[in-house]
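One structure is given here, and the rest of the page talks about it.
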Amino acid sequence: MKFLYSLVLLLTGLHFYAQDYFVPYRKGKLWGYADVNGKVKVTPVYDSVSFTYYNFRWKVFKNKKVGVINQKGEEVLKPE
């Protein structure tokens, strides 16, 4: 019961915070991001993506290189 209560609180918190938060998802072998409602925000083109963020910037990985995307899904630093 405690788990269910904690899960409800977490999901409620994510709902109010969802406008800027990306959830990693995979299509085939490539990774991208969606919002908590499942709407695709960044198409899956990366080998790997970070599950955490800093200052609304997420790390993305492609061909063993690191890049950074912002909260709009734009590449701030291309993985080159």
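Scanning region 23-44 for residues that are exposed (fewer than 14 other Cβ atoms within 10 Å of the Cβ) and among the small types (G, A, S) yields G28, G38. For region 45-80, the candidate set comprises residues that are among the aromatic types (F, W, Y) and open to solvent by 90 Å² or more (accessible area, probe 1.4 Å); within that set, the residue that is farthest from L30 (Cα to Cα) is Y54.
The values are calculated or read from the model by the stated rules, or taken from the named source; none is laboratory data. Please read all numbers here as calculations on a predicted model, not as lab measurements. In this analysis, Cβ positions are derived from the backbone assuming ideal geometry, glycine residues included, and neighbour counts consider all displayed protein chains. Accessible surface is based on the protein model in full, side chains and every heavy atom, while ligands, DNA and RNA are left aside. Shrake-Rupley method; radii C 1.70, N 1.55, O 1.52, S 1.80 Å.
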